[in-house]
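In what follows, a single structure is set out as structure tokens and then discussed.
All of the numbers you see were taken from the coordinates with simple rules; none came from a lab. Worth saying up front: this structure is predicted, and the values here are computed from it rather than measured. Cβ: placed from backbone, ideal geometry, glycine included. Neighbour counts: every protein chain shown.
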Amino acid sequence: MRHWLTIDCILPARAALAVSLLAPMNRDGMWAIEAFMNAGSIELPPEAMASGAHKEPAVTSLHSFPLTMVDDAVMQGIATVFRQHFGADRVLESPNPVAASEDVGLFGATIGVPTAFWFWGGYAPERFTEAAENGRSVPTNHSPLFAPDLEPTLTTGVEALTLAALSRLGAHTTV
């Protein structure tokens, strides 16, 4: 969102710039976002003064979410259910943590229940191979180019969510 010039030569009294920032975080907080906010607070006032602004700019954060913390034991249990249902060749576990910041982590933390978080593929394996061979990555969910294959993505996602819920409820896990 940006609102600067409303008509060619009439400058408004207010300018707003909104930035959506997906940044790496550590377990102690959102250091990269804090660094961005601090840089804005340091760099913007001299720029505003140089341009003749009558007020110092305000740098504010509208919303942010903490690092999503996954309960490893719960996730391992769900991964086992996934392997039983989908087959071990369709369940891949990342050896490295993924920096994910989602609002879902707040729900579990707020009411004291474990959080599980997983990804499922949206593209045919050939698309990953082609992208890797060409030195590119496949667009992910925050990209405007993200366009997963409808099937089997939708069916797999519904099955995975259903299986995870049933496994946590102690129900039979066949979909």
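Order these by the 10 Å Cβ neighbour count, fewest first: Thr162, Thr140. List each step's numbers first, then the result.
Details: Thr162 15, Thr140 11.
The fewest-first ordering by Cβ neighbours comes to Thr140, Thr162.
Values of log10 I(q)/I(0) for region 72-169 across q = 0.12, 0.17, 0.22, 0.24 Å⁻¹ run -0.48, -0.95, -1.41, -1.49, by the Debye formula with one identical scatterer at each alpha carbon and no solvent.
Taking the number of Cβ atoms within 10 Å of each Cβ as an exposure proxy, the fewest-first ranking of Ser167, Ser20, Ser143 is Ser20, Ser143, Ser167. Stretching Ala124 away from Thr153 to a fully extended chain increases their span by 9.5 nm, per 0.36 nm per residue minus the current alpha-carbon distance. FRET efficiency for the pair Met49 and Ser20, taken as 1/(1 + (r/R0)^6) with r the Cβ-Cβ distance and R0 = 30 Å, rounds to 0.65.
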